[in-house]
Amino acid sequence: MIRVENLIHDYTGEGTNAVDDVSFEVQTGEIFGFLGPSGAGKSTVQGILTGLLRLQRGQVSYDDLPVTELRSSFFNRIGVSFEHPNLYQKLTGLENLQYYAGLYDVPTEDPMMLLERVGLAEHAHIRAGSFSKGMKQRLVFCRSMINKPEILFLDEPTSGLDPSTAEVIKGIIRERRETGTTIFLTTHNMLTADQLCDNIAFINEGKIVAMDSPKALKLAYGERSVEVEYREDGKIASRVFFLDKDADRAGLKEIIEGKDILTMHSREASLEQIFIQMTGRGLV
């Protein structure tokens, strides 16, 4: 389990906190989403959790062992996929993975198998510098899994990917969760978070403004509604009824009892709508 308590980080030393009193827990084997716009503090928190940034104030622990006491062997347990791919441009895709595999003191995955999973097998012997942004993103994702990590830190893992490839990546993430891998996902893509995460935290201007499962957040902050399509006077009409309003519930009952219903769909607020409602800002 990852436990974060009262985390504060100030890049300037002038009291302008990039991360301001952040606390949360990530259970073993869950996908935890850390959601917010650019500059909200997501990458700073991930940097502290992975040892890239020094802990200034607060506490971070892995299974009750403080992050300040972790040794180099800890890096055998984690994998990190960065939003901005950092690769050896003159090495091929396969050589990049082989090089990183050699840095670990634990058994590693077959690099070609990983490349095949993400659709890069035919590009295995091409220099990474000639890869497209999406191909580089997939290669960095492969690299994060090369050491069979217990904990995966994924920063915008589907950024720059076409919808079909993004679904492949999300499928692999789900598989890893099923095998017990703990996944810390930072993103501003609320749809991806909704599809993948067991629990999420909204972060805005360095502070967590809400935290729960996606479903619970939508039930707590979103307006429940039903869209009905029906036939009236020989024409097709449609209306949206909000179930928290007495008048709309009565109107929906009248439609159901008196009209020829064609379709009926329940609707719920999206995570992005809830985030905007809570913070007054979008995700860019």
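The values are calculated or read from the model by the stated rules, or taken from the named source; none is laboratory data. What you see is a predicted model; the values in this text were computed from it and never measured. So basically every Cβ, Gly included, is an ideal-geometry build from the backbone, and we count neighbours across all protein chains shown. What goes into the accessible areas is simple: the full protein's heavy atoms, side chains included, and nothing from ligands, DNA or RNA. Shrake-Rupley method; radii C 1.70, N 1.55, O 1.52, S 1.80 Å.
Quick look at the numbers
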{"read-out": "Sites residue 6 and residue 74, calculated FRET efficiency, Cβ-Cβ separation with R0 22 Å, nearest 0.05", "value": "0.50"}
{"read-out": "Cα pair distances exceeding 27 angstrom across segment 1-127, given as percent", "value": "34"}
{"read-out": "Debye intensity ratio I(q)/I(0), log10, segment 127-284, q values 0.09, 0.11 Å⁻¹ (C-alpha model)", "value": "-0.46, -0.63"}
{"read-out": "For segment 174-284: relative contact order, % (alpha-carbon pairs under 8 angstrom, 6 or more apart)", "value": "25"}
{"read-out": "DSSP beta bridge pairing in the chain, given as percent antiparallel to the nearest 5", "value": "65"}
{"read-out": "Accessible-area composition of the chain, carbon plus sulfur, in percent [1.4 Å probe]", "value": "47"}
{"read-out": "Gyration tensor verdict on segment 197-284 (Cα atoms; rounded if a/c is under 1.5, prolate if a/b is larger than b/c, oblate otherwise)", "value": "prolate"}
{"read-out": "For segment 6-68 versus segment 217-260, the gap between their alpha-carbon centres in whole angstrom", "value": "44"}
{"read-out": "Cut-off under 5 Å, modelled amide H: who pairs with residue 210 long-range", "value": "202"}
{"read-out": "Helix-derived mean residue ellipticity, 222 nm - over the chain, DSSP H n ≥ 4, -39500 (n - 2.57), to 500", "value": "-9500 deg cm²/dmol"}
{"read-out": "Stokes-Einstein D in µm²/s, Kirkwood radius over Cα pairs - segment 98-173 at 25 °C with 0.890 mPa s viscosity", "value": "191"}
{"read-out": "Protection-proxy order for peptides 141-148, 108-115, 239-246, 202-209, each taking the mean of Cβ atoms within 10 Å per residue, highest first", "value": "141-148, 202-209, 108-115, 239-246"}
{"read-out": "Computed over segment 142-208: relative contact order in percent, which uses C-alpha pairs under 8 Å that are six or more apart", "value": "36"}
{"read-out": "Computed over the chain, Kirkwood Rh from alpha-carbon pairs, angstrom", "value": "21.1"}
{"read-out": "Relative packing of peptides 69-80, 5-16 - highest average C-beta neighbours within 10 Å first", "value": "69-80, 5-16"}
{"read-out": "Cα→Cβ-extended label distance, 7 Å offset, between residue 167 and residue 205, nm", "value": "4.0"}
{"read-out": "Residues with amide H under 5 Å from that of residue 224, placed H, sequence gap 5 or more", "value": "243, 244"}
{"read-out": "Long-range lysine pairs (8 or more apart or interchain), segment 128-242, Cα under 29 Å", "value": "10"}
